[in-house]
1. Can you name the number of the only condition in (1) surrounded by 18 or more Cβ atoms within 10 Å (Cβ to Cβ); (2) in contact with a Lys or Arg (Cβ under 8 Å, 6 or more places away or on another chain) that B:LYS25 fails?
2. So A:ARG91 fits all but one of (1) outside any loop (DSSP other than H, G, I, E, B); (2) more than 15 Å from the chain's Cα centre (by Cα); (3) at pLDDT below 85; what number is the exception?
3. Might you let me know whether the stretch A:40-51 holds any residue that is closer than 12 Å to B:GLU29 by Cα and in a strand (DSSP E or B)?
4. May I ask you to list the residues in the stretch A:52-65 that are without any contact (Cβ under 8 Å) to a residue 24 or more places away in the chain and out of contact with any Asp or Glu (no Cβ under 9 Å at 6 or more places or on another chain)?
5. Restricting to the stretch B:19-30, what's the tally of residues that are free of Cβ contacts under 8 Å to residues at least 40 places away in the same chain and at the interface with another protein chain (Cβ under 8 Å from one of its Cβ atoms)?
6. Going by the conditions given, is A:ALA81 facing another protein chain (nearest Cβ under 9 Å) and hydrophobic (A, V, I, L, M, F, W, C)?
7. Does any residue of the stretch B:191-206 turn out to be of a type outside the set (Asp, Glu), outside any helix (DSSP H, G or I) and either surrounded by fewer than 12 Cβ atoms within 10 Å (Cβ to Cβ) or touching a residue at least 24 places away in the same chain (Cβ under 8 Å) (or both)?
8. Run down B:ARG79, B:ARG85 and say which single residue is charged (D, E, K, R), in contact (Cβ under 8 Å) with a residue 40 or more places away in the chain and surrounded by 16 or more Cβ atoms within 10 Å (Cβ to Cβ).
Amino acid sequence: MPHWALSGRQKMTRLSKQTLDGNVETLILAVLESGPSYGYAIVKKLNERADGILQLGEGTIYPVLHRMEEKKLVASRWRLAENGRQRKYYRLVSKGHKALAVNRWQWQMLSAVMEKVLGSAPNFLPKPQVKGATI
Amino acid sequence: MSRALQKYLDQVMLYANRKEEESAKIRAELEDHLRQKTADLEAEGLPREDAVFQAIEDHGTARTVGYSLRKGFALLDVRTEGTARGFIAVGPRAVGIIAFGNVAVGLFAFGNFAFGVLAFGALTIAGLLSVGGISVAPFGAAVGLASIGRAAFGMIACGGLALGLQVPWAIDGVNLLSGDNGIQFLQHFQTHEGTVALIAIILWLLLAVPVLNGVMCSIKRNEYLRIEKADSKLIE
């Protein structure tokens, strides 16, 4: 869903950059698990799966992809797209598969711990507002 | 392709500052993204102009995207926003072998808050030599208005060997205000060699900060000129 179409409540419940930092690679690996894809399609799939909660500056996905390529988590190839232009496709390689498995397991463990300590999450309620304090 | 998209990509690549060959590939990838996004937004019913505007806005500001596309650790990284990382790094925050920044971390760091092996600035913490307003050097020499180190020199000096107007704590301290000790210490400089050494140390300290500041300003100015030459509107 494009940003302009989001309601105020949806914008309020989007994840902050700090929360996302370090996890974007895992999200991209998860998207690429289902097959090779390219930058725009990856962003689109991420937004669809995250149902508008995730707000990535779309351009900032490319440094992450390039970094993942340097770390050999993904490999890339230029191919001719249906619009007749060259397009860069990324695919998961064995190191990426392993990293995804590890990250997924770690995230599930963390999620289980957080849920046990904090209790189950309310259904994306707006942030509580406290007078004179920033939350 | 729309002029707005071309201009946006020009600006992104200007900030990215990559080699020509790398730059062409990155640009092609971003261009493909923006074209398809625009087409999708148009298909959703947005007029072309609005679609282009929206695609650019969702992509992020040219400066943020461009800087994020820079090499992980370049030989020289100068930026006006964010954290510069490189052998020589200059920016609001700088991390490098030689780092100049408001907050600088490096082997050789210079800035308001400097942390490194050798650090110069207002608040400095260094392994070997720390020179600044408040300077801390747990394993080396600290020189500053207030200094703490194995060897500390300053108005207020604490540490192993401390020399200052106030020496609150030191294994071997010389308080220059306390009469005998200070006067005896100063007598070491009454020889010709001692005087030369003292003048050399003071001159070096007085020169180091302005020279380093000059180097930092010069590097920054070059970066501004490079951007201004390409697009003067980008310089506020």
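The values are calculated or read from the model by the stated rules, or taken from the named source; none is laboratory data. None of these values were measured; they are calculated from a predicted model. So basically every Cβ, Gly included, is an ideal-geometry build from the backbone, and we count neighbours across all protein chains shown.
1. (1)
2. (3)
3. no
4. Listed by number, the residues that qualify are A:THR60, A:PRO63.
5. Counting residues in the stretch B:19-30 that are free of Cβ contacts under 8 Å to residues at least 40 places away in the same chain and at the interface with another protein chain (Cβ under 8 Å from one of its Cβ atoms) gives 4.
6. Numbers: facing another protein chain (nearest Cβ under 9 Å): yes; hydrophobic (A, V, I, L, M, F, W, C): yes.
In short, yes.
7. First, pick out the residues of the stretch B:191-206 that are of a type outside the set (Asp, Glu): B:191-192, B:194-206.
With outside any helix (DSSP H, G or I) added as a condition, the list becomes B:191.
Going one step further and asking which of them are either surrounded by fewer than 12 Cβ atoms within 10 Å (Cβ to Cβ) or touching a residue at least 24 places away in the same chain (Cβ under 8 Å) (or both), we end up with B:191.
Yes, the stretch B:191-206 contains a residue that is of a type outside the set (Asp, Glu), outside any helix (DSSP H, G or I) and either surrounded by fewer than 12 Cβ atoms within 10 Å (Cβ to Cβ) or touching a residue at least 24 places away in the same chain (Cβ under 8 Å) (or both).
8. On the way: B:ARG85 fails: in contact (Cβ under 8 Å) with a residue 40 or more places away in the chain.
Selected residue: B:ARG79, the only one of B:ARG79, B:ARG85 that is charged (D, E, K, R), in contact (Cβ under 8 Å) with a residue 40 or more places away in the chain and surrounded by 16 or more Cβ atoms within 10 Å (Cβ to Cβ).
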